[in-house]
Amino acid sequence: MVRVAVVRFPGSNCDEDARRGAEQSGAQAYFVWHRDTSLQGADLVVLPGGFSYGDYLRSGAIARFSPIMQAVQAHAAAGGGVVGICNGFQILCEAHLLPGALMRNAGLTFVSKPVDVMVERTDTVFTWAFDRKTPVRLPVAHGEGRFVADAETLARLEGEGQVVLRYLKSSPTTEGNPNGSSNDIAGICNAAGSIVGIMPHPERVVDPRLGSADGLLFMRSLAGVRALSGAAR
């Protein structure tokens, strides 16, 4: 059984959603406090959504210095899986585990609504259960979700296939880019696909009783993370 550590920072508010979604999908999921120094034998780490440290300075800027992040950095350096959702994505960028930065939304307002994204890469710890080019509707809830990077970094992300999720173009039937992210990027990964950061919240839509189960395959990917080493999809 895959062990999934969900890190709790002061201000995390999607930690229980992430733990429960991973657990319901078959993982052994548990919480790790930001002051801890051990991941307790985790196979994969989730940095959940929320407002770590009240988003003081900027989102994720303080959380990157939490004691637990040394263990997260070591886990990532050893090839272990790490997933950041919304605030967790911001923390990954602040910690330089992923390139680029998350800036204030182009409209300078907090955005909370469903959006439509395309799964661009499926050989990652968070998307292996999908077929490529699968459209998914997921909720977003952020004020600093605009992904930006210099031209060289954007070209590398595109050229090396490191874009994991991309906002669909707005249309009468789709909700497009809600924040002005460069190249409509909603999520990226490292070259190996072992570190993934996305802005939408799949952990909030894993049960039809909540109105949608569109996020379920993300959580099943977490729970079956060893499938990346060769198990049939």
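Observations
- Of the listed requirements (1) out of contact with any Asp or Glu (no Cβ under 8 Å at 6 or more places or on another chain); (2) of a type in the set (D, E, K, R); (3) not in a loop (DSSP other than H, G, I, E, B), ARG35 misses just one: (3).
- Once region 162-184 is narrowed to residues that are closer than 20 Å to PHE130 by Cα and in a loop (DSSP other than H, G, I, E, B), the residue that is nearest to the chain's Cα centre (by Cα) is GLN162.
- Selected residue (criterion: surrounded by the fewest Cβ atoms within 10 Å (Cβ to Cβ)) from residues of region 214-224 that are assigned to a helix (DSSP H, G or I) and not hydrophobic (A, V, I, L, M, F, W, C): ARG220
- Restricting region 214-233 to residues that are under 17 Å from the mean Cα position of the chain (by Cα) and farther than 30 Å from VAL148 by Cβ, the residue that is modelled with the lowest pLDDT: GLY224
- Unique residue being assigned to a loop (DSSP other than H, G, I, E, B), within 15 Å of the chain's Cα centre (by Cα), closer than 20 Å to ALA18 by Cα and of a type in the set (Gly, Ala, Ser) when the list is GLY193, GLY187, GLY197: GLY193
- Evaluating GLY54 against the criteria (1) among the small types (Gly, Ala, Ser); (2) modelled with pLDDT under 95; (3) touching a helix residue (DSSP H, G or I) at 6+ places or on another chain (Cβ under 9 Å) leaves one unmet condition, (3).
- First in region 157-183 and more than 21 Å from PHE126 (Cβ to Cβ) and touching a residue at least 12 places away in the same chain (Cβ under 8 Å), second anywhere and surrounded by 13 or more Cβ atoms within 10 Å (Cβ to Cβ) and among the hydroxyl-bearing types (Ser, Thr, Tyr), Cβ under 7 Å, 6 or more apart: GLY176/TYR167; GLY176/SER170
- Qualifying residue in region 205-213 (condition: surrounded by fewer than 18 Cβ atoms within 10 Å (Cβ to Cβ), among the small types (Gly, Ala, Ser), free of Cβ contacts under 8 Å to residues at least 60 places away in the same chain and in a loop (DSSP other than H, G, I, E, B)): yes
- Members of region 81-114 that are more than 19 Å from SER12 (Cβ to Cβ) and more than 15 Å from the chain's Cα centre (by Cα): MET103, ARG104, ASN105, ALA106, GLY107, LEU108, THR109, VAL111, LYS113, PRO114
- Verdict on LEU154 being under 17 Å from the mean Cα position of the chain (by Cα), of a type outside the set (Lys, Arg) and modelled with pLDDT of 95 or more: no
The values are calculated or read from the model by the stated rules, or taken from the named source; none is laboratory data. Since this is a predicted model, take the numbers as computed values, not measurements. Please note: Cβ atoms are built from the backbone with ideal geometry, for glycine as well, and neighbour counts cover all protein chains shown.
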